Amino acid sequence: MVLRLHHLLEFSFPFILLSGPQGSGRTRVCELLLERLVAPWRTAFVTGSATTPLDELRESLIQQLVPHSVFDPHDTLGDNLFRLLGETPAQLLIVLDDADRLPEAFVDELWELASLNDALGRGHNKMGFVLTAPQPWCERLAARLKGREQPPVEMDMEPLSAAEQRTCLQYYLLRGNYPLDQGRWDALERLLSAVTGWPVELVALAEKTMSSKKSSFRAKPLPLNKWGATLAVVVAVVLLLSWIVPSMLRQAPTTSGDIAVPLPVPSAAEPAMPETAPLQHAVLPDEAGDGMTVDSQNYEGRRVVIADQVVQDIMAHQSGVSGATSSAAAPLPAVSGAVTSLQELTPVVEQIKQGEPVSSATATLVTQAKPVASQAVPVSQPVAPQTAKAAAVSQPLASKPPVTKAASGKPATAASLRVPNATLLSHAPRHYTIQLMASADANALARFVNQQHLAGQVWMYETQFKGAPWFVLIKGDYADSKQASQAIRQLSAELQKNRPWPKSFAQVHKELKQ
C-alpha cells in the first residue's frame, strides 16, 4: 500500500481518500509513507479531532510546511501558502489521519487549495493530499467533491493474509518476551481462525494471551523468594558440614576387638579364575536340536551358528519353492555355519538384483541372517530377453512429459500490446481499471502476457516516471472501485502474486498526458 501511494504521488499528486475500519493500519501506512519521502518533498501530518478549531489546524500545517514563517491563521490555507511559497515551486504533501473527525469545511478548504493550484498551470507547486477515514465517509465525500479534472482517488486497506497474521502475532509476542514453544503456538494457531485479518485484532489477541492469569499458555513465574531462602539454607548446611566432618575424621577411635578375617584360599580342585581373563560366551546347541545360538549382548559381534543338517534341509526347501528341478541332489560344500559380520550379506544382495541363482553357501549366509531359520530367501525368476528389452525401451518413453501442441495464435509483442492514447482517453474518468504490472521494459511485459495467456485481454500504455519511459499493463473497465476489487479477487493466483490494484481512468489519463 505504501508503494502504491508513493507511485500515485510521484505521477500526478492526486487527492487520495484511503478508507478502512478502525485498527486496519491506516495510520501506520501514512507514517511509513512520510518516512519514504525525502527532499524536495515537504510534508505535514495532522490527526483529526472534532474539538480542534480551524485556525489551529491551519497553524499546525503551515508550521510543518514552511517553518519559522509569519502568517495569519485566520486566513485560508491557500492564501497563506501561496504568499509564503512565492514564485519558487515546491512539492507538498498534506496527510490528514482520521479526517472524518475534522469539520467538513476544512476538507472543502483543502479541495479548493488543490483546485487553485491546478489553475496556476504547469511549472508551479505540486501538491498531494492523503485523507484516511472509514469507507462510508470516503464514498460520500468522493461523490460530493467535484470541479477538478482528476476526481478523488479512492483506495481501500486490505486485511492481512494468513501468513502475515502469523508473522504479526509472533512479532508482538516476542516483543513482550512471551515464550513461544510448539505447544503454545499450536493453541494460538487455533485462535487465529476467528480473526478477520486486521492488525488491531492481532494486538488484542497478543495482549490477552500475555496478560491473562487463567491462560493455559502462560508460563508460571519462578518464586524467587523461595529459591533465595532454599539456596541460603543449602549454603549454611554445606559450611557446617565442612567444619564438623574433618574434626570427626581426625578423632576416629580404634578398637582392640577388631579381628582380621582371612580370605578364602582356592582349593586345588577348583582353580581360581584370573581377574584379567576375558568373559567368553559358550556356543552350545539348543535343547530343541535346531542348532542355533545367538549372542545378543554385543550387536556388532553377533554370531549365529546353524548346524549343517539344518542348512541342507533349508536349501532343499528353497529348491522346491524356486521351481528349479534336478535329478540328483549335488553334495553341499562344507560350511562353517557362522556369520560374524553383516558385510557378508552384500554378495547375496548383488546376486538377487542380477537375477542369478543363489549358491548353497550364500543361501546359508542369508538364512543365518534371518531371525527365523526356516524362512527361505525368495529368488526372482529370470526375465526373458525380449521382455527385458521391451521394458528397457518403454521405460524412457514413459518418463518423458507429454508434448502439448503449440497454440495457433501468434504470441503477443510489445508493439501489439500498445493501444492508441485516444482509445484509453475515451473511457470515463470515474471508471476504474486493474493495474497488473508496470516496468521500464516493454518486452518483459509482453513475455508476462504470453506466459499468463492474456493476449487480447489487456492494454499497455507508455508514460514517464522520473524522467524515463515507463510502461503500464492494465485490464478491464469497471464502473467503480468495488467492481474492480471484486474482479481482482477472481484473478488467478499467479496474477495476484504481483499485487494488482484498482486504478481510476482519471489517473490513467493524467499519466498519458505527461
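The values are calculated or read from the model by the stated rules, or taken from the named source; none is laboratory data. Quick caveat, the model's predicted, so the values are computed rather than measured. Every residue, glycine among them, receives a Cβ derived from its backbone with ideal geometry; neighbour counts consider all protein chains shown.
Given 482, 510, which one is part of a helix (DSSP H, G or I), more than 18 Å from residue 10 (Cβ to Cβ) and out of contact with any Leu (no Cβ under 9 Å at 6 or more places or on another chain)? Break it down into steps so the answer makes sense when it comes.
On the way: 510 fails: more than 18 Å from residue 10 (Cβ to Cβ).
Sole residue among the options that is part of a helix (DSSP H, G or I), more than 18 Å from residue 10 (Cβ to Cβ) and out of contact with any Leu (no Cβ under 9 Å at 6 or more places or on another chain): 482.
Inside region 8-25, can you point out the residues that are under 31 Å from the mean Cα position of the chain (by Cα) and either without any contact (Cβ under 8 Å) to a residue 40 or more places away in the chain or part of a loop (DSSP other than H, G, I, E, B) (or both)? Before the answer, list the steps.
Our first condition is that a residue be under 31 Å from the mean Cα position of the chain (by Cα); within region 8-25, this holds for 8, 18-25.
Matches in region 8-25: 20, 21, 22, 23, 24, 25.
Residues that are at negative phi, within 41 Å of the chain's Cα centre (by Cα) and not charged (D, E, K, R): does region 70-86 have at least one?
Let us first name the residues in region 70-86 that are at negative phi, namely 70-85.
When the remaining residues are screened for being within 41 Å of the chain's Cα centre (by Cα), the result is none.
Checked region 70-86: no residue is at negative phi, within 41 Å of the chain's Cα centre (by Cα) and not charged (D, E, K, R).
Restrict the check to region 463-472 and report whether at least one residue is within 22 Å of residue 5 (Cβ to Cβ), touching a residue at least 12 places away in the same chain (Cβ under 8 Å), of a type outside the set (A, V, I, L, M, F, W, C) and crowded, with 20+ Cβ neighbours inside 10 Å.
no
Where residues in region 427-449 are hydroxyl-bearing (Ser, Thr, Tyr) and either over 30 Å from the mean Cα position of the chain (by Cα) or not in a strand (DSSP E or B) (or both), which of them is farthest from residue 459 (Cα to Cα)?
As a first pass, look at region 427-449 and keep what is hydroxyl-bearing (Ser, Thr, Tyr): 432-433, 439.
Now restrict to residues that are either over 30 Å from the mean Cα position of the chain (by Cα) or not in a strand (DSSP E or B) (or both): 432-433.
Values: 432: 14, 433: 10 Å.
In this case the residue turns out to be 432.
Let me confirm something: among 185, 111, which residue is of a type in the set (Phe, Trp, Tyr), surrounded by 12 or more Cβ atoms within 10 Å (Cβ to Cβ), at pLDDT 85 or above and not assigned by TED's automatic domain parsing to the domain that holds residue 485? Spell out the reasoning first.
Values: 185 fails: at pLDDT 85 or above.
Every option except 111 fails the conditions.
Being over 27 Å from the mean Cα position of the chain (by Cα) and crowded, with 19+ Cβ neighbours inside 10 Å narrows it down to one residue among 29, 46; which is it? Before you say what the answer is, go through the steps one by one.
Numbers: 29 fails: over 27 Å from the mean Cα position of the chain (by Cα).
Answer to the check: 46.
Scanning for something hydrophobic (A, V, I, L, M, F, W, C) and part of a helix (DSSP H, G or I), does region 470-478 turn up at least one residue? Steps first, answer last, please.
Let us first name the residues in region 470-478 that are hydrophobic (A, V, I, L, M, F, W, C), namely 470-474.
Those left that are additionally part of a helix (DSSP H, G or I): none.
Among the residues of region 470-478, not one is hydrophobic (A, V, I, L, M, F, W, C) and part of a helix (DSSP H, G or I), which makes the answer no.
What are the residues in region 126-136 that are out of contact with any Lys or Arg (no Cβ under 6 Å at 6 or more places or on another chain) and crowded, with 19+ Cβ neighbours inside 10 Å, if any? Quick ask: steps written out before the conclusion?
Applying the first criterion (out of contact with any Lys or Arg (no Cβ under 6 Å at 6 or more places or on another chain)) to region 126-136 yields 126-131, 133-136.
Within region 126-136, 127, 128, 129, 130, 131, 133 meet the criteria.
Which ones in region 111-136 are of a type in the set (S, T, N, Q) and either in a loop (DSSP other than H, G, I, E, B) or in contact (Cβ under 8 Å) with a residue 40 or more places away in the chain (or both)? Reasoning before the result, please.
Filtering region 111-136 for residues of a type in the set (S, T, N, Q) gives 115, 117, 125, 132, 135.
Within region 111-136, 125, 132, 135 meet the criteria.
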